[in-house]
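The values are calculated or read from the model by the stated rules, or taken from the named source; none is laboratory data. What you see is a predicted model; the values in this text were computed from it and never measured. FYI the Cβ positions are ideal-geometry reconstructions off the backbone, even for glycines, and counts take in every protein chain you see. The protein model used for the area step is the full one, side chains on, heavy atoms only, and it has no ligands, DNA or RNA in it. Shrake-Rupley method; radii C 1.70, N 1.55, O 1.52, S 1.80 Å.
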Amino acid sequence: MNPTADKHVSVGADLSGLSESEAELRLRTDGPNALAMDEPRGWFAIVLEVLREPMFLMLLAAGSLYLMMGETRDALMLLFFVLVIMAITIFQERRTERAIEALRELSGPQALVIREGEARRIAGTEVVRGDLVVLSEGDRVPADGVMRRSEHLVVDESLLTGESVPVRKQASATRKDLEKPGGDDLSSVFSGTLVTGGQGIAEVVAVGTRSALGNIGDVLRQVKPEATQLQKETRRLVRIFAIAGAVACALVVVTYALTRGGGAHEWKQGLLGGIALAMAILPEEFPVVLTVFLAFGAYRISKSQVLTRRTAAIETLGAANVLCVDKTGTLTENRMTVRKVVTGGVVTSLGEGDALSEEAQIVLESAFFASRREPFDPMEKAIQLAALPALAPTGKLEWPLYREYPLTRELLAVTQVYQTTVSDELFIATKGAPEAILELCGVAGAKRQELIHATEELAERGLRVLGVARGRTRPDALGESQRDLPLEFLGLLALEDPLREGVRDAVQECAAAGLRVVMITGDYPKTARTVAERAGIGPIERIMTGAEIDRMSDEAFVREVRSVRVFARVVPEQKLRIVNALKAAGEIVAMTGDGVNDAPALKSAHIGIAMGQRGTDVAREAASLVLLTDDFASIAHAIRLGRRIYDNIKKAIAFILAVHVPIIGLSMLPVFIPSWPLLLFPAHIVFLELIIDPTCSLVFEAEPEEGDVMRRPPRRRDEHLFGWDTVAISVLQGVGVLAASLLVLWLALERYPVDAARGLSFATLVLGSLALIFINRSWTSSAWSSLKARNPALRWVMIASLTLLGIVLLVPAARSLFHFAPLAFGDFLAATLAAFLSVGWFELIKAVRRGRAHSRAG
């Protein structure tokens with residue numbers, strides 16, 4: 001706080017404040033002026049929670065199987081992913097705690113209080129209910145209170161309301177309760193807000209968790225992020241595969257041993273076959289895909305200056321169909337700018353190439369002298385920025401301030417008087433509400449009506465309008481009131497909080513991708529409509545206000561919320577209600593914001609997106625994504641990447657399902673055909689995993705986006721990653737490879753020993769798996785056209801896979817380990833042809849799909 005504040009406010013007998021003993025009693029009774037925070041869970045509790053996760057159990061089961069077979073390397077790899085999942089869970093646990101800590105920092109500044117008739121400085125946490133707090137320009141308000149004295153106090157409440165224009169405060173001797181934040185001439189002040197002008201004394205009414213910031217903190221702790229549809233589906237599938245793997249393993253062990261004599265050797269062989277089948281059924285690649293794809297997705301999005309705080313939100317981006325945006329600081333820059341100067345009936349637009357006339361420059365110059373030299377008020381900062389370049393060379397900046405006439409509730413104007421370089425001449429500069437300036441200048445009749453009409457037109461377009469006047473006088477003629485000053489009306493200044501660059505294009509791109517953009521603001525409906533139209537949000541058939549929301553039941557609001565694109569005069573708790581209503585209506589909601597007031601809604605939304613530069617710590621901690629450069633256009637790019645990631649996850653899952661079908665078939669069928677030997681042992685499964693794991697986690701992750709990724713609507717909320725169409729096509733692909741492998745095996749057994757037949761069948765399976773990679777790179781483009789899309793990971797996987805296959809087929813030591821025999825080159829070519837023909841039918845399906853798409857387009 002300002003250390004000189006106590007010198008500016010006299011302490012009367014009626015404002016002696018609490019006694020020290022009473023303050024200590026209230027501190028013990030109410031607790032410190034700080035936000036409550038739950039005790040963080042210990043490491044043991046977090047580990048237990050992770051142990052209950054199905055993904056973790058599946059990884060642990062697969063790792064145990066690898067350890068049973070002595071495959072330490074693969075077991076350690078799975079352990080690594082276990083640690084990754086555990087780290088993500090712990091990270092999520094800490095996010096909420098950091099958000100509350102950020103709120104606590106805002107609510108705990110130093111405070112200047114009056115106790116026992118004396119002003120003294122104490123820690124903000126020691127402020128108690130009933131304390132008298134001295135407030136001056138530049139102070140952070142330490143607790144919620146009611147103004148008992150106010151000398152032109154102006155407060156920036158954007159922290160709570162999201163609106164960039166400070167509000168006036170007036171004193172009240174009788175008010176006991178708090179009003180809602182926002183609006184001029186109220187007597188309530190709120191913890192964490194900033195005093196931008198004037199001074200006063202406030203009586204503390206609420207501290208800590210009972211303050212407006214404290215209420216937001218309580219809501220923030222209670223809001224729990226939902227599991228994404230992908231997470232829910234994966235958990236369900238994990239359970240199914242785990243049970244199926246255990247049952248199939250037991251069935252194979254028992255069936256194999258009993259149908260072959262039941263000796264010790266048969267039981268051992270059966271156990272190896274059962275473990276191999278369980279490994280084949282257990283697709284540990286699912287959690288690997290989720291972890292790797294989302295981690296790489298976060299990296300790719302970070303290159304677009306978007307920080308990912310909750311990786312699961314990346315996948316949800318592809319399904320989002322509603323984007324809720326806060327006006328101030330999100331669509332706009334949260335800083336005022338002088339946009340127009342009106343003088344002599346001529347409107348000059350700044351920043352649009354219009355040359356400033358001498359008359360317009362005089363308006364700017366006079367508005368500058370009517371402002372503080374080191375302003376806190378955003379409008380005065382904008383005026384200073386616009387006027388300084390022309391004023392700097394004139395020498396007028398050296399004029400000393402002679403007297404100030406502050407703004408009052410009765411007269412919304414401020415006047416500053418300067419001593420000029422001319423002896424006994426004073427320069428008077430006045431600015432304020434246009435009506436007040438016209439009154440001071442004696443403008444009446446048709447001229448007044450013309451200026452009032454111009455003011456209303458500018459206000460209709462969302463601009464803040466100030467009247468400007470000037471005058472000259474001598475020190476001995478200076479009046480005691482602004483009404484006594486000789487003022488000449490100069491013109492009007494119109495200021496606005498400008499749209500961020502690229503916002504309109506980004507909104508249009510979102511609309512083309514099927515996202516309904518909804519604006520939520522605490523500003524007035526007319527201003528909200530103007531900004532929404534400038535941003536390209538529309539059509540705007542209705543604007544719903546916070547008062548209307550309060551009058552609605554939850555059920556009625558859910559019915560209405562889908563038809564509204566603009567919400568105005570909204571308070572923080574209503575933002576959360578809007579997000580929850582949209583979710584209840586079945587929408588997938590992304591929410592952007594930058595203020596403390598946005599934090600609960602950011603956390604409740606399926607995807608919370610915070611502004612990184614102008615955003616508060618609380619908003620950043622509560623969000624899933626953070627725009628590091630505050631570039632709204634980055635949202636559209638993040639959505640594009642989110643859709644690409646989901647498409648590629650779907651391709652990887654389809655490949656995993658397809659490739660496991662022939663592995664399961666070749667592991668299981670020989671068990672029920674006594675004349676056939678076991679074809680696949682754990683070593684074969686591990687070899688196949690060397691192809692499957694890097695393919696699903698690297699090749700498909702690096703696949704470029706489909707051409708229509710931002711021209712199609714968001715996927716349906718009820719669309720399953722493992723839908724029947726995906727499963728059916730994947731199974732059919734896998735059955736094709738299985739049929740080719742079995743055909744090669746059957747023909748080989750007629751001509752060659754068992755080990756040679758096994759080698760040919762295994763080669764067919766490996767080559768068929770590689771063919772599956774090519775056809776699943778795109779479910780619309782042909783495999784041949786997909787080759788043109790650059791994917792470095794694919795080249796290395798192909799080279800490595802063919803090299804390893806060559807080693808196990810040609811090197812005697814490796815061939816013996818895998819129970820293979822030497823193969824003829826002609827037989828290998830036949831196996832290669834069978835492998836690629838086994839999946840060629842899918843190319844015909846893709847061609848039919850392309851033909852239908854072209855027909856619809858035509």
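Assorted remarks:
- Once the range 338-355 is narrowed to residues that are over 41 Å from the mean Cα position of the chain (by Cα) and open to solvent by 70 Å² or more (accessible area, probe 1.4 Å), the residue that is farthest from residue 446 (Cα to Cα) is 355.
- Count - residues of the range 155-172 that are of a type outside the set (Lys, Arg), at pLDDT 85 or above and either in a helix (DSSP H, G or I) or open to solvent by 30 Å² or more (accessible area, probe 1.4 Å) (or both): 2
- Note on the range 459-471: among residues that are modelled with pLDDT of 90 or more and either of a type in the set (Phe, Trp, Tyr) or surrounded by fewer than 22 Cβ atoms within 10 Å (Cβ to Cβ) (or both), the one that is nearest to residue 495 (Cα to Cα) is 465.
- Residue list for the range 711-751, filter: within 43 Å of the chain's Cα centre (by Cα) and charged (D, E, K, R): 711, 712, 715, 716, 717, 718, 719, 725
- So residue 826, is it over 42 Å from the mean Cα position of the chain (by Cα) and surrounded by fewer than 12 Cβ atoms within 10 Å (Cβ to Cβ): yes
- So residue 555, is it open to solvent by 40 Å² or more (accessible area, probe 1.4 Å) and part of a helix (DSSP H, G or I): yes
- Apart from one condition, residue 255 fits all of (1) open to solvent by 10 Å² or more (accessible area, probe 1.4 Å); (2) within 30 Å of residue 34 (Cα to Cα); (3) of a type in the set (S, T, N, Q); (4) at pLDDT 75 or above; the exception is (2).
- For the range 376-408, filtering for residues that are hydroxyl-bearing (Ser, Thr, Tyr), open to solvent by 40 Å² or more (accessible area, probe 1.4 Å) and either in contact with a strand residue (DSSP E or B) (Cβ under 8 Å, 6 or more places away or on another chain) or in a loop (DSSP other than H, G, I, E, B) (or both) leaves 2.
- Of 456, 358, 365, all but one fail to be over 25 Å from residue 194 (Cβ atoms) and open to solvent by less than 50 Å² (accessible area, probe 1.4 Å); the exception is 365.
- Selection of the range 358-385 for residues being small (Gly, Ala, Ser) and closer than 20 Å to residue 168 by Cα yields 367, 370, 371, 382.
- Qualifying residue in the range 185-203 (condition: within 30 Å of the chain's Cα centre (by Cα), at pLDDT 85 or above and surrounded by fewer than 22 Cβ atoms within 10 Å (Cβ to Cβ)): no
- Residues located in the range 143-154, provided they are buried (at least 24 other Cβ atoms within 10 Å of the Cβ) and under 28 Å from residue 337 (Cα atoms): 153
- Of all residues in the range 815-843 being modelled with pLDDT under 90 and among the charged types (D, E, K, R), the one that is nearest to residue 765 (Cα to Cα): 815
- Some residue of the range 539-561 being within 20 Å of residue 316 (Cβ to Cβ) and modelled with pLDDT of 90 or more: yes
- Here residue 820 does not fit the description of being open to solvent by less than 10 Å² (accessible area, probe 1.4 Å) and either touching a Phe, Trp or Tyr at 6+ places or on another chain (Cβ under 9 Å) or closer than 30 Å to residue 707 by Cα (or both).
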